[in-house]
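What follows is a single structure, written as structure tokens, with notes after it.
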Amino acid sequence: MTSAVATQFLPVVAAASATNDFLIVSIHDVAPYTQPIVGKIISALAQKGIHHCSLLVVPNYHHRGASMQDRQFVSWLRDLETGGHEIVIHGYYHQRSHAARETVREKFVTQFYTQGEGEFYDLGYDESLRRIKTARDEFQAAGLKPRGFVAPAWLLSSEGERAARDAEMEYTTRLRNVSDLRTGDIFPARSLVYSVRNAWRRATSLVWNTTLSHALKSKPLMRLSIHPPDYSYPVIWRQIVDFVSAMVPVRTPTTYQDWVAEQRRERGL
Ligand SMILES: [Zn+2]
């Protein structure tokens, strides 16, 4: 490294060490069938300096089979966890069973908005508890250490949240906040997230996330949520890489579990 280049790096290093600002990158919908693309996303992020992500793993994606029964998938996850990534429980089936009678609003939320993925949108306490506990036990039996539960499409009913707490989950997240389920603290922090289902949504997402990232610049926690299809659209992926490149020098990349633990430490809890 020449001295001119070294000098250019100095202010960046100083800024990074002087700040307590964090970046959490989460990758959603991790399952055996998304593993190839998630692997590429993890490698691309590592190249940009992100070595700690929260990986939202679906226990049995759309009833395609138990993720923890796939030995190759499990050993891949174990390696990632050992390497500093976090394994998070993300729903159970990631698919909502249709209620017998739905209001127009429910239909809008569950079908149009989430494409029928809002599994925990209105699931009762008992079934929520059963699914989260089953997932937790399956993950633990596979040698993984899940501490968080995130509902598909961030749609978690209050009964579902109570169930997550009773299943000994430490935290959950929603689009607009992170909840410490042990202390009851709710930390406002809106996530950047893309919708890529059609051209109109992609165009809107690009504009919206640009605006949002500027609005969130001064916040102590920046969240970026990535879904596997994001990687397939060059213009979307380009923007994600640009965000990450801009944030890594000034924010410490971390995981949800480490960030929540840090908040408790700071509060002396
Ligand atoms: Zn999801």
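Each value in this text was obtained by applying a stated rule to the coordinates, not by laboratory testing. From a predicted model like this one, the values you see are computed outputs, not experimental measurements. Positions of Cβ are generated from backbone atoms using ideal geometry, with glycine treated the same way; all protein chains shown enter the neighbour counts.
Points to keep in mind about this one:
- In order along region 169-183, the Karplus-derived 3J(HN,Hα) couplings, from 6.51 cos²θ - 1.76 cosθ + 1.60 at θ = phi - 60°, round to 6, 7, 7, 9, 10, 10, 4, 9, 7, 10, 10, 7, 6, 7, 8 Hz, and Gly and Pro are given as x.
- If both residues of a DSSP beta bridge must be in the chain, then about 20% of such bridges are antiparallel.
- A simple spin-label model places pseudo-atoms 7 Å from Cα toward Cβ; at S75 and R197 they are separated by 3.8 nm.
- For L23, residues with placed amide H under 5 Å, excluding near neighbours: M222, T252, T254
- Relative protection proxy for 130-137, 227-234, from highest mean packing down: 130-137, 227-234 (other beta-carbon atoms within 10 angstrom).
- When each of the peptides 145-157, 192-204 is scored by how many other beta carbons lie within 10 Å of its residues on average, the order from highest to lowest is 145-157, 192-204.
- Couplings 3J(HN,Hα) of region 81-88, computed from phi: 5, 4, x, x, 8, 10, 9, 10 Hz, in residue order, whole Hz [Karplus 6.51 cos²θ - 1.76 cosθ + 1.60, θ = phi - 60°; x for Gly and Pro].
- Calculated [θ] (222 nm, deg cm²/dmol) that DSSP helices of n ≥ 4 give over the chain, each run adding -39,500 (n - 2.57): -13000 deg cm²/dmol
- For region 201-258 versus region 136-199, the gap between their alpha-carbon centres in whole angstrom: 19
- Among 88-97, 241-250, the order from most to least packed when residues are scored by Cβ within 10 Å on average: 88-97, 241-250
- Each residue of region 258-267 was assigned a 3J(HN,Hα) from its phi angle through the Karplus curve 6.51 cos²θ - 1.76 cosθ + 1.60 (θ = phi - 60°); the sequence is 6, 5, 4, 4, 5, 4, 5, 4, 4, 8 Hz, with glycine and proline shown as x.
- Scaled against the 2.2 N^0.38 Å expected of a compact globular protein of N residues, the Cα radius of gyration of region 112-269 reads 1.12.
- Bridge type composition, region 135-269 - antiparallel percent by DSSP, nearest 5: 60
- Cα gyration tensor category, rounded, prolate or oblate, for the chain with a/c compared to 1.5: prolate
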